[in-house]
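J.: Structure provided below as structure tokens; questions to follow.
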Amino acid sequence: PYLNDRCVYLVGMMGSGKTTVGKIIAEVLGYSFFDSDKLVEQSVGIPSVAEIFQVHSEAFFRDNESEVLRDLSSMHRLIVATGGGAVIRPINWSYMRKGLTIWLDVPLDALARRIAAVGTASRPLLHQESGDPYAKAYAKLTALFEQRMDSYANADARVSLENIALKQGHNDVNVLTPSAIAIEALLKMESFLTEKAMVRN
Ligand SMILES: Nc1ncnc2c1ncn2[C@@H]1O[C@H](COP(=O)(O)OP(=O)(O)OP(=O)(O)O)[C@@H](O)[C@H]1O
Ligand SMILES: O=C(O)C1=C[C@@H](O)[C@@H](O)[C@H](O)C1
Ligand SMILES: [Mg+2]
């Protein structure tokens, strides 16, 4: 009840599971799910983010991403999987702060493994024509994470896969199912919201 129909924004690096986990959270809460990358594609009229970067530019994509987040921020009962880079623009935080923000914090080696498994063609900031896809993705993700980690840490709650694995007695985050991660996200949301309500009362 503390959520009070507010939107929930999932933030995190590329491949962190925002879309996968976000759909589960939406189903549990009876919210609608939106993916901001998909909304940008629809509003620009180009079917992939990679093509938007190619035909226009990253800056053009970012401007449209901000417009999408602005429009979503006036709505209710949505789970929004944001683009991995949405956290870098302060204006986007002014929109996302109207709801609750959750950071899916996934170790970079697990991200690189997931991304290498599906290929980098759909992720323009990681795409390389040659070389080992895991090694290339890992190097680029490391550089991006260094630039962005302080921004991700602005989120209201952090869902750390390392911590979930520790709690469950595993030493490998790759065994965690999207459902287990969604449950932890829901628990973190609840803690954040109840603590905030206690401070107010
Ligand atoms: N818990 C998990 N265990 C294993 N694989 C996962 C898990 N969660 C997601 N994946 C896989 O990792 C890949 C990336 O997941 P997903 O697309 O949900 O991430 P994302 O954060 O939305 O990425 P992007 O920022 O690129 O939109 C997908 O292939 C997905 O099936
Ligand atoms: O991390 C990023 O900067 C990006 C992540 C994707 O979700 C897309 O928004 C785009 O490929 C850029
Ligand atoms: Mg996604």
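J.: Please specify each residue of the stretch 36-63 satisfying the condition of being closer than 22 Å to Phe145 by Cβ and surrounded by fewer than 19 Cβ atoms within 10 Å (Cβ to Cβ).
T.: Ala50, Phe53, Glu58, Ala59, Arg62
J.: Could you please tell me which pairs satisfy a Cβ distance under 6 Å, a separation of 6+ or placement on different chains, a first residue in the stretch 87-98 that is closer than 17 Å to Met149 by Cα, and a second residue that is surrounded by 15 or more Cβ atoms within 10 Å (Cβ to Cβ) and among the hydrophobic types (A, V, I, L, M, F, W, C)?
T.: Final answer for the pair search is Val87/Val11; Asn92/Leu69; Asn92/Ala86.
J.: For the stretch 154-168, what are the residues that are open to solvent by 40 Å² or more (accessible area, probe 1.4 Å), at pLDDT 95 or above and farther than 17 Å from Ile25 by Cβ? Reasoning before the result, please.
T.: Narrowing the stretch 154-168 to residues open to solvent by 40 Å² or more (accessible area, probe 1.4 Å): 154, 156, 158, 162-163, 166-168.
Add one more test, that the residue is at pLDDT 95 or above, and what stays is 154, 156, 158, 162-163, 166.
Residues satisfying the conditions are Asn154, Glu162, Asn163, Leu166.
J.: What do you reckon, is Val21 within 10 Å of ligand 2 (Cβ to nearest atom) and crowded, with 17+ Cβ neighbours inside 10 Å?
T.: Here the answer is no, as Val21 does not meet what is asked.
J.: Leu125 passes all but one of (1) at pLDDT below 95; (2) more than 14 Å from ligand 1 (Cβ to nearest atom); (3) of a type in the set (A, V, I, L, M, F, W, C); which number fails?
T.: Leu125 satisfies every listed condition except (2).
J.: Something else about it: For Ser66, which of the numbered conditions (1) out of contact with any Gly (no Cβ under 8 Å at 6 or more places or on another chain); (2) without any contact (Cβ under 8 Å) to a residue 40 or more places away in the chain; (3) open to solvent by less than 30 Å² (accessible area, probe 1.4 Å); (4) within 16 Å of ligand 1 (Cβ to nearest atom) fails to hold?
T.: All conditions pass for Ser66, except number (4).
J.: On to the next question. Output the residue which, of all residues in the stretch 170-201 that are closer than 21 Å to Ala81 by Cα and part of a loop (DSSP other than H, G, I, E, B), is most open to solvent (accessible area, probe 1.4 Å).
T.: Filtering first and then ranking leaves Thr177.
The values are calculated or read from the model by the stated rules, or taken from the named source; none is laboratory data. Since the model is a prediction, treat every value here as computed from it, not as a measurement. Cβ coordinates were reconstructed from backbone atoms using ideal geometry, including for glycine residues, and neighbour counts include every protein chain displayed. In case anyone asks, the SASA skips ligands and DNA or RNA and just uses the protein heavy atoms, side chains included. Shrake-Rupley method; radii C 1.70, N 1.55, O 1.52, S 1.80 Å.
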